[in-house]
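This report refers to the structure that appears directly beneath it.
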Amino acid sequence: MSQLLIVLLGVSLVTFLVSHVVPGDPARMLLGQRADAQTLENLRHVMGLDKPVWLQYFDYLGGLLQGDLGISIRSQRPVLSELLTYFPATIELTLFAMGFAVISGVGLGLLSAAYRDTPIDHGTRVLAILGVSTPLFWLGLMVLLLFYKHLGWLPGSGRLDSFINPPTQITGLYVLDSILTGDWVALKSSILHLVLPTICLGYIQLATIARLVRASMIEVLEQDYIKTALANGIPRYRIIYRHALRNALIPTVTLIGLTFGELLGGAILTETIFTWPGMGKYVVDSISFLDFPAIMGFTILVATIYVIINMVVDLLYPILDPQIKG
Amino acid sequence: MEPLLKISDLHVGFLNYAGVARVLNGIDLELFPGEFLGLVGESGSGKSLTANAVLGLLPARSAVISKGSIMFEGKELIGRSEKEFQGLRGKKISMVFQEPMNALNPSYKIGKQMVEILKLHKGLSNKEAKAEAVRWLTQVHIQNPEKVVKEYPYELSGGMRQRVLLAMALSCGSQLLLADEPTTALDVTIQAQILRLMKETADQLGTSVLLITHDLAVVAQTCQRVAVMYCGNIVEIGPVTKVLHEPCHPYTKALLKALPNPDHSETELQSIPGSVPNLLTPPAGCRFHPRCDLVEKTCMELRPQLTTVSENHYVACWREEDHV
């Protein structure tokens with residue numbers, strides 16, 4: 001818990017400082033180039049921009065403690081409620097990308113290790129190398145070009161077809177909500193819309209996970225207890241998925257925790273490419289408007305999620321590795 | 001009596017970038033029911049490899065069995081499928097390894113690991129297998145087995161783990177136990193306990209044991225017969241008393257001379273001059289000839305075969321008549 005507070009304090013300080021050393025005047029941005037000096041002065045006073053920087057920071061911090069992320073300069077609405085509007089879309093995409101990356105990454109890594117140095121392994125490794133080295137924006141454009149423009153198999157933008165009503169809001173995750181409300185039309189459409197962004201966002205992480213799982217599986221398969229299991233007549237498939245996998249997952253779980261942060265960050269680009277109405281797109285729009293409270297709010301929210309996920313990962317270790325006591 | 005295990009003229013090579021290393025060069029070995037046979041030799045002489053070949057555990061991609069046969073209960077093992085071997089391993093032939101610290105899976109409880117094998121080979125239900133696991137832990141003299149089955153390997157000492165491994169190896173009724181330096185990694189006091197336990201349990205069950213070790217004292221304590229390996233060959237085999245007291249092969253003699261003698265602690269320790277040859281280009285004839293005092297022309301040209309010295313005592317040496 002103290003870890004969380006320290007990280008958040010650091011994040012708030014850094015984002016605050018960075019956004020205040022960046023040249024640009026939010027008040028000027030809001031009023032436009034032709035506003036007169038007096039109006040500008042008044043607005044700067046209202047927004048607290050005339051106070052010393054350290055005082056502004058403490059004001060901000062005080063607000064944070066009460067769950068107030070400030071007021072968006074652009075929309076004049078509370079940043080928190082704005083972020084929460086976009087949050088479900090991002091979380092839905094991130095969770096899908098995460099699921100895709102973890103399931104296929106672990107699967108491919110296992111396959112690669114089990115069929116080490118065979119064509120299966122080589123194929124998987126090429127796929128993984130491609131994943132680590134393909135830029136996300138390029139991959140996004142390519143899949144759009146192929147599956148959306150040329151083949152027309154999958155939708156290329158948004159969360160739903162334009163003529164379909166979103167499911168009744170419960171969690172804000174369309175897939176979950178449409179299942180909960182039995183809205184099968186919306187379910188199908190939202191899943192189809194998720195395919196391309198999920199693949200793009202998840203592919204890099206899939207590759208990283210596959211490589212790590214392969215490496216740790218190979219290491220584990222050399223261990224004495226694998227030899228014991230073999231000598232005791234345990235079938236090979238069982239040795240792989242039962243005796244080796246669990247031990248190989250320990251380093252992988254760490255990576256998966258870190259991956260979540262990468263995915264949230266990567267979501268910014270993916271959402272821009274696929275016009276996905278999530279926080280990523282929101283923050284990009286905010287950046288072009290110098291909407292500092294919104295940018296800082298986003299950063300702090302992502303940092304919080306990241307730290308929480310990694311705390312959960314820490315709690316998973318004792319389950320996987322009995323030698324670590326929680 | 002029919003031997004339980006009969007290895008004849010077994011040749012195993014390892015392929016690597018530099019060629020084929022001939023690591024087993026015509027092994028002949030018989031193991032009878034209920035017998036303890038020691039297999040001694042220095043590191044790299046092919047002891048463990050012989051055991052691994054019996055279990056079909058040679059690395060498939062690099063090891064080649066070029067010649068020979070391994071008969072178990074009168075049936076050929078070489079050329080069997082992986083599936084057939086799986087049915088043998090742990091059920092008819094078991095193995096315990098040198099390093100007990102890492103030989104149990106760190107992620108599963110002792111009971112679970114034992115139950116898995118019992119269910120696999122004996123088709124027991126979960127409950128029966130649990131009871132059987134506890135019974136086996138009692139058999140290997142583990143105090144409060146009910147507690148140990150619920151523990152993870154890291155909670156047990158090395159000696160305890162080796163007991164558990166022994167229980168696992170024997171729990172499905174194996175007739176043959178391949179013990180690959182089972183006590184080397186343990187303290188001397190624990191070593192003696194484990195050996196005694198192994199002897200006692202195997203005798204009780206009528207299990208034959210191939211005890212691989214480089215420790216002649218261990219052999220003297222536990223085995224009826226001993227085979228001495230050098231560089232992929234068995235150079236001498238016979239009853240322990242004969243081989244240790246009236247050794248015939250110059251290598252066996254040198255090995256025995258290299259043992260520290262507590263009665264003459266002031267004398268310097270003897271070592272065998274030279275070193276183990278490179279197996280990619282092994283010496284022609286007798287592989288020991290470059291290090292042998294008695295070497296003559298034949299030794300450099302022809303490989304000696306095992307010949308009888310006395311009852312059950314065989315030696316592979318051209319100069320054997322000269323020094324008996």
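Coordinate-derived values only; no laboratory data. Being a predicted model, the structure only gives us computed values, none of them experimental. In this analysis, Cβ positions are derived from the backbone assuming ideal geometry, glycine residues included, and neighbour counts consider all displayed protein chains.
If you average the sequence gap of Cα pairs under 8 Å that are 6 or more apart and divide by the length of chain B, what percent do you get for the contact order?
Value for chain B: 20 percent.
log10 I(q)/I(0), Debye, Cα-only segment A:2-65, no solvent, q = 0.26, 0.29 Å⁻¹?
-1.14, -1.26
Using Cβ counts within 10 Å as a stand-in for footprinting exposure, how do A:V283, B:V140 rank, fewest first?
Listed from fewest to most nearby Cβ atoms, that is B:V140, A:V283.
Counting only other residues whose beta carbon sits under 14 Å from that of A:A207, what net charge do I get with K and R as +1, D and E as -1?
With Lys, Arg at +1 and Asp, Glu at -1, the neighbours total +2.
Summing Lys, Arg as +1 and Asp, Glu as -1, what charge do residues with Cβ under 13 Å from the Cβ of A:Y60 carry, A:Y60 excluded?
Residues close to A:Y60 contribute a combined charge of -1.
Length gain on complete extension for the stretch A:L55 to A:Q3, per 0.36 nm per residue less the alpha carbon to alpha carbon distance?
Full-extension gain reported as 16.2 nm.
Note down the net charge around B:L10, summing +1 for each Lys or Arg and -1 for each Asp or Glu among other residues with Cβ under 10 Å from its Cβ.
Around B:L10, the surrounding residues sum to -1.
So who's got an amide H within less than 5 Å of the one on B:M229, skipping anything under 5 residues away but keeping other chains? H placed 1.01 Å off N, in plane.
For B:M229, the qualifying residues are B:V40, B:G41, B:V235.
Can you give me the relative contact order of chain A as a percent, contacts being Cα pairs under 8 Å and 6 or more apart?
With pairs under 8 Å counted, the relative contact order is 27 percent.
Taking H as built 1.01 Å from N, whose amide H comes closer than 5 Å to the amide H of A:S72, not counting residues under 5 places away?
Here A:R77, A:V79 satisfy the definition.
Evaluated at 25 °C with a viscosity of 0.890 mPa s, what Stokes-Einstein diffusion coefficient in µm²/s does the protein assembly as shown have when Rh comes from the Kirkwood expression over alpha-carbon pairs?
The diffusion coefficient I find is 81 µm²/s.
If you consider only alpha-carbon coordinates, what radius of gyration and Dmax does chain B have, in Å?
20.6, 67
Tell me the mean residue ellipticity at 222 nm calculated for chain B from its helices only (DSSP H runs of n ≥ 4, each -39500 (n - 2.57), averaged over every residue, nearest 500).
Dividing the helical sum by the residues of chain B leaves -9500 deg cm²/dmol.
Can you run phi through the Karplus equation (6.51, -1.76, 1.60; θ = phi - 60°) for segment A:301-314 and list ³J(HN,Hα) in whole Hz, with x for Gly and Pro?
My calculation for segment A:301-314 gives 4, 5, 4, 4, 4, 4, 5, 5, 4, 6, 5, 4, 4, 4 Hz in order.
Enter the mean number of other protein chain beta carbons within 10 Å of the beta carbon of each residue in B:46-54, as an integer.
Neighbouring Cβ atoms belonging to other protein chains average 0 per residue here.
So if I place +1 on the C-beta of Lys and Arg and -1 on the C-beta of Asp and Glu, and nothing else carries charge, what would the dipole magnitude of segment A:80-320 be about its Cα centre? I want it in debye, nearest 20.
Value, rounded to 20: 800 debye.
Return an integer: the convex hull volume of the alpha-carbon atoms of segment B:24-143, in Å³ per residue.
166 Å³
What is the fewest-to-most order of A:R34, B:R196, A:R74 by other Cβ atoms lying within 10 Å of their Cβ?
So the residues, fewest neighbours to most, are A:R34, B:R196, A:R74.
Taking every residue in A:247-253, how many Cβ atoms of other protein chains lie within 10 Å of its Cβ, on average?
1
Please turn the phi angles of segment A:24-30 into ³J(HN,Hα) values with the Karplus equation 6.51 cos²θ - 1.76 cosθ + 1.60 (θ = phi - 60°), one per residue in order, whole Hz, x for glycine and proline.
x, 10, x, 5, 4, 4, 6
Order of A:I240, B:I27, A:I287, B:I234 from fewest to most other C-beta atoms within 10 Å?
Ascending number of Cβ neighbours within 10 Å: A:I287, A:I240, B:I27, B:I234.
Who wins for biggest fluctuation among B:G13, B:G38, B:G238 in a Gaussian network model of chain B, springs between alpha carbons below 10 Å?
For chain B, modelled as a Gaussian network with Cα springs under 10 Å, the answer is B:G13.
Per-residue HN-Hα couplings for segment A:110-125, Karplus 6.51 cos²θ - 1.76 cosθ + 1.60 at θ = phi - 60°, whole Hz, x for Gly and Pro?
4, 4, 4, 6, 5, 10, 3, 6, 10, x, 4, 4, 4, x, 4, 5
Averaged across A:233-244, how many Cβ atoms of other chains sit within 10 Å of each residue's Cβ atom?
So the per-residue partner count for this stretch is 4.
So if I take the centroid of the Cα atoms in segment A:21-57 and the same for segment A:272-298, what is the distance between those two points in Å?
First find each Cα centre; the distance between them is then 21 Å.
Would you mind telling me which residue in B:T50, B:T222, B:T281 has the biggest mean-square fluctuation in a Gaussian network model of chain B, where springs connect alpha carbons within a distance under 10 angstrom?
Judging by the Gaussian network model, the answer is B:T281.
Could you tell me how far the Cα centroid of segment B:112-183 sits from the Cα centroid of segment A:91-168, in Å?
45 Å
Can you list the residues, at least 5 places off or on another chain, whose amide H is less than 5 Å from the amide H of B:F36, using H built in the peptide plane?
For B:F36, the qualifying residues are B:V209, B:Q224, B:R225.
Test of the criteria: in segment A:146-197, which chymotrypsin sites (Phe, Trp or Tyr not before Pro) are in a DSSP loop and have at most 16 other Cβ atoms within 10 angstrom of their Cβ?
A:W153, A:F163
Taking the Cα centre as origin and putting +1 on Lys and Arg beta-carbons and -1 on Asp and Glu beta-carbons, what dipole magnitude results for segment B:163-227, to the nearest 20 debye?
140 debye
What percent does the relative contact order of segment B:43-140 come to when contacts are Cα pairs within less than 8 Å and at least six residues apart?
Once normalised by length, the contact order is 17 percent.
In whole Å, what three semi-axes, largest first, describe the equivalent ellipsoid of chain A built from its Cα gyration tensor (square root of 5 times each eigenvalue)?
43, 25, 18
Would you please give the FRET efficiency between A:S81 and B:E146, computed as 1/(1 + (r/R0)^6) with r the Cβ-Cβ distance and R0 = 51 Å, to the nearest 0.05?
0.30
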